[in-house]
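Here, each number is a calculation from the coordinates, and none is a lab measurement. All of these numbers come straight from a predicted model, not from anything done at the bench. Cβ sites come from the backbone with ideal geometry, for glycine too, and all protein chains shown count toward neighbours.
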Amino acid sequence: MSKLFYKSTRGAESRLTSSKAIIKGIAPDGGLYIPEAIPQIERPLSSLSDMDYRQLALYIIGKFFNDFSSGELKDCISKAYDEKFDSPLIAPLVEKNGVFFLELFHGPTLAFKDLALSILPHLLRTAVKKNGLSKEVVILVATSGDTGKAALEGFAGVEGTKIIVFYPRDGVSIIQKRHMTTQAGDNTYAVAVEGNFDDAQRGVKQIFSDSKVNEALNSRGYIFSSANSINIGRLIPQIVYYVYAYLGLLKSEKIGKKEKINVVVPTGNFGNILAAYYAKKMGLPIDKLICASNENNVLYHFIKTGVYNRKRKLVVTSSPSMDILVSSNLERLLYDISGSDPEKVNTLISDLNKKGEFKIDSDMKDRMSDFYGEFATDKETFETIKYVFKDLNYLIDPHTAVGYNVYRKYVRESGDRSKTVIVSTASPFKFPGSVSRAIDKKYAGVDEFSLLETLADISGQKIPEAIKDIAKRKILHIKVCKPGQMKDVIWDILGI
């Protein structure tokens with residue numbers, strides 16, 4: 001197999017190996033790294049169906065990161081997908097009313113981010129060693145809720161790294177915030193930003209692309225990298241669970257050979273659904289990619305009209321991980337549907353930054369026919385949680401509820417009843433307030449931590465070990481800053 005190289009969506013940088021792209025995180029021109037070609041699944045899918053999650057991860061990730069040796073990847077994978085997951089399947093499928101929920105919340109932080117952020121620290125550490133670097137890697141993360149804790153958990157105690165997570169002070173759930181602020185580890189830092197996720201994400205991107213900041217950092221023995229899905233090392237491992245889900249349906253004979261399925265992904269930053277798109281480009285028989293948004297429905301409007309407009313007020317919803325107005329990973333799709341034209345990408349991103357919106361041309365719009373977009377209001381989200389619990393005897397979180405609500409709208413509109421996988425991105429126990437109130441309004445105003453017990457009682461499920469004693473944990477991170485102070489906070493942490 002020839003070596004696969006990576007390039008920037010904005011075209012200014014030369015080709016890099018995957019290990020170097022993982023270390024850098026984001027390109028110096030501000031673009032995102034993408035593979036020069038999408039490798040294909042060349043074996044019959046039926047021949048892969050007996051693979052467990054680790055074996056499949058080696059097969060898929062190895063195609064993209066082929067400057068890593070098989071032994072190096074095996075080591076990273078074995079350390080990532082171990083007993084920290086409370087299901088031996090890692091990502092089990094649960095069938096309810098003819099629909100398949102892909103449960104991605106069995107990891108240590110109860111969210112889908114664990115599937116990629118359990119392996120990224122090991123990929124990064126191996127990449128640093130492979131490239132003979134002696135510098136300490138400073139991981140910068142902007143989070144809308146789940147990425148922050150998963151990244152902190154993944155990098156805690158990893159030698160040669162420091163991780164600094166910025167989260168919107170009032171834009172995450174109480175459980176998400178407590179998860180981050182109680183994170184132990186001498187190399188971990190969680191900082192609240194007085195603003196929303198987009199403010200935090202914009203600040204991190206500006207710091208990454210500031211050449212003077214990077215030069216100052218480099219001279220003091222540090223380099224920046226990212227654990228957000230802008231890092232290709234975070235995005236590629238997410239492809240695995242889509243292939244795994246399809247193979248699970250094939251092995252259980254829920255679908256026939258080469259039968260196409262639809263995939264529903266609740267998404268805000270577009271990384272999770274982009275991984276499904278890449279899986280389809282590898283040859284996985286996916287038909288529709290159903291993009292489910294909450295009331296911050298910029299992606300819905302973009303898919304419908306071809307216009308991406310962030311000039312609106314951010315709505316704080318019950319699905320906070322999707323409260324995003326600037327979807328970073330969309331840039332990778334723009335590059336693909338533009339015919340790999342970095343000039344078009346640069347123009348579109350420039351328009352977004354300067355005017356607050358951009359519009360793609362008709363050719364690009366035609367190349368998005370694989371996507372369907374819809375959104376769910378908070379009212380619809382609560383109704384969906386209650387319906388699924390009462391009628392299907394299944395407990396879901398608000399993000400998954402957005403996905404299921406949009407799925408039902410798609411079926412009503414299209415009449416398409418293809419087998420469908422709905423990505424269940426988080427445990428309902430991460431959002432006990434919203435889930436309990438959706439089931440019964442009498443829980444409104446009740447303390448969220450006590451509602452963990454309530455949720456366990458009414459569902460007959462155990463509180464996950466990851467958050468069982470979360471109310472009693474000592475808060476270790478109390479720093480707060482304005483968006484314009486983020487660089488100063490980093491400097492203070494690093495002692496510069």
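First measure r as the distance between the Cβ atoms of Lys479 and Lys254, then evaluate 1/(1 + (r/R0)^6) with R0 = 51 Å and state the FRET efficiency to the nearest 0.05. It comes to 0.55. Among Ser450, Ile232, Ala57, whose Cα projects farthest towards the positive end of the dipole of the chain, with charges put on the beta-carbon of Lys, Arg (+1) and Asp, Glu (-1)? Checking the options against the dipole of the chain, the answer is Ile232. From most to least packed by mean Cβ count within 10 Å, the peptides 330-338, 446-454, 74-82, 475-483 give 330-338, 74-82, 446-454, 475-483.
Available extension along the chain between Arg169 and Ser369 is 68.2 nm, counting 0.36 nm per residue and deducting the alpha carbon span. At a temperature of 37 °C and a viscosity of 0.692 mPa s, determine how fast segment 287-340 diffuses translationally according to Stokes-Einstein, using the Kirkwood radius over alpha-carbon pairs as Rh; express D in µm²/s, rounded to the nearest whole number. The estimated diffusion coefficient comes to 269 µm²/s. Bridging of Lys479 to lysines at a Cα separation below 22 Å is possible for Lys149, Lys162, Lys177, Lys205, Lys487, once same-chain residues fewer than 8 apart are set aside. Computed over the Cα atoms of segment 303-366, the ratio of the radius of gyration to the Kirkwood radius (Rg/Rh) comes to 1.00.
Taking the Cα centre of segment 425-496 as origin and assigning +1 to Lys and Arg Cβ atoms and -1 to Asp and Glu Cβ atoms, the resulting dipole is close to 120 debye. Here the convex hull built on the C-alpha positions of segment 178-238 has a volume of 139 cubic angstrom per residue. P(r) tail, segment 363-463: Cα-Cα pairs separated by more than 19 Å, 47% of all pairs.
Does segment 43-144 classify as rounded, prolate or oblate by the C-alpha gyration tensor (a ≥ b ≥ c root eigenvalues; a/c under 1.5 gives rounded; else a/b over b/c gives prolate, otherwise oblate)? Since a/c reaches 1.5 but b/c is at least a/b, the shape of segment 43-144 is classed as oblate. Treating each Cα of the chain as an identical point scatterer and summing with the Debye formula, the log10 of I(q)/I(0) at q = 0.06, 0.12, 0.13 Å⁻¹ comes to -0.24, -1.08, -1.31. In summary, segment 2-43 shows an alpha-carbon radius of gyration equal to 1.19 times the 2.2 N^0.38 Å reference for compact globular proteins. Of the two radii for segment 36-78, the radius of gyration is 0.98 times the Kirkwood radius, both from the alpha carbons; that is the Rg over Rh value. For segment 288-403, the dipole from Cβ point charges (+1 on Lys and Arg, -1 on Asp and Glu) about the Cα centre works out to 320 debye, to the nearest 20. Restricting to Cα pairs below 8 Å that are 6+ residues apart, what does the relative contact order work out to for segment 42-158? Please round to a whole percent. This gives 20 percent for segment 42-158.
Checking the Cα-Cα distances for Lys20/Lys130; Lys20/Lys135; Lys3/Lys344 against a 19 Å cut-off, the pairs over it are Lys3/Lys344. From the largest down, segment 297-441 spans 51, 33, 21 angstrom on the principal axes of its Cα atoms. Spin-label model, Asn393/Asp82: points 7 Å from Cα along the beta carbon direction are separated by 3.7 nm.
Dividing the radius of gyration of the alpha carbons in segment 1-93 by their Kirkwood radius gives 1.03 for Rg/Rh. The dipole here belongs to segment 286-343: it is taken about the Cα centre, uses +1 on the Cβ of Lys and Arg and -1 on the Cβ of Asp and Glu, and is about 320 debye.
Helical content alone sets the calculated 222 nm signal of the chain at -12500 deg cm²/dmol, taking -39,500 (n - 2.57) per DSSP H segment of four or more residues and averaging over every residue.
Computed over the alpha carbons of segment 242-321, Rg followed by Dmax gives 15.2, 47 Å. For segment 184-343, dividing the convex hull volume of the Cα atoms by the residue count gives 188 Å³ per residue.
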